[in-house]
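Read the structure below first, then the notes.
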Amino acid sequence: MTISKYLVLAGVTVFAAAGDSMLSHGMKQTGNISIHNLASVFFALSNPWVAVGIVLLLAFFAAYMNALSWADLTYVLPATSLGYVLLAFVAKFALHEQISLLRWLGIALISGGVGFVAGGPALTSHGHETGKAPFLANEARPIDSAQGKPYGPAQGKNESATCEHAGAES
């Protein structure tokens, strides 16, 4: 893995933790909001901490999308879950939240799990060459209204049957 990919994963981790922390701090200043009272939502959005938190969370999503473009979800999510550890320290020392022993134990388990995932490959073999997710691998095919099934064979099989079905309809 290249240094830029490590930086993307670090960005996901830091942007998520910082954005959540800023959002939490701002919402504690703002107080309760209700979706039924849009004025309270706009008031919350005008809080600088909330606004910066949203911007950081947008940066998180951009970095997260980048990471998912070159690595499996089962690699990216655990690798970036170190953000939970970072977030716990920020919550404890910057936001002055009380963190129970049980939560610290959970954070330790997350950290241990990250070690297992980090030892594996970032991208596993999917068994198809199309570059698409498995649920997108089959191209859209016309539906045979009589049978309620797509014309022709599934992807990777003999394509001549598709031509025969298509020719029979015209």
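One line per residue, one yes/no per condition, for (1) in a helix (DSSP H, G or I); (2) not polar (S, T, N, Q):
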residue: 21; (1), (2): yes, no
residue: 32; (1), (2): no, no
residue: 40; (1), (2): yes, no
residue: 63; (1), (2): yes, yes
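Cβ-Cβ distances below 7 Å connect the following pairs, each with a first residue in region 42-57 that is more than 24 Å from residue 10 (Cα to Cα), a second residue that is not in a loop (DSSP other than H, G, I, E, B), and a separation of six or more residues or different chains: 43/30; 44/27; 44/30; 44/50; 45/51; 47/26; 47/29; 47/30.
With respect to the conditions (1) within 17 Å of the chain's Cα centre (by Cα); (2) closer than 24 Å to residue 120 by Cα; (3) not hydroxyl-bearing (Ser, Thr, Tyr), residue 57 lacks only one, and its number is (2). Would you mind stating whether residue 73 is within 24 Å of the chain's Cα centre (by Cα), assigned by TED's automatic domain parsing to the domain that holds residue 114 and closer than 22 Å to residue 113 by Cα? The answer is yes for residue 73.
Counting only residues that are modelled with pLDDT of 95 or more and under 11 Å from residue 20 (Cα atoms), region 59-91 holds 1 of them. Whenever a residue of region 1-12 is over 9 Å from residue 63 (Cβ atoms), its partners that are in a helix (DSSP H, G or I) and not hydroxyl-bearing (Ser, Thr, Tyr), lying with C-beta atoms within less than 7 angstrom and at least six residues away or across chains, give the pairs 5/70.
Conditions (1) in contact with a Gly (Cβ under 7 Å, 6 or more places away or on another chain); (2) of a type outside the set (D, E, K, R); (3) surrounded by 13 or more Cβ atoms within 10 Å (Cβ to Cβ), marked per residue:
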site: 39; (1), (2), (3): no, yes, no
site: 47; (1), (2), (3): yes, yes, yes
site: 69; (1), (2), (3): no, yes, no
site: 90; (1), (2), (3): no, yes, yes
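The values are calculated or read from the model by the stated rules, or taken from the named source; none is laboratory data. If you're wondering where the values come from, they're calculated on a predicted model, not measured in any experiment. Neighbour counts are summed over all protein chains in view; Cβ atoms, including those assigned to glycine, are modelled from backbone coordinates with ideal geometry.
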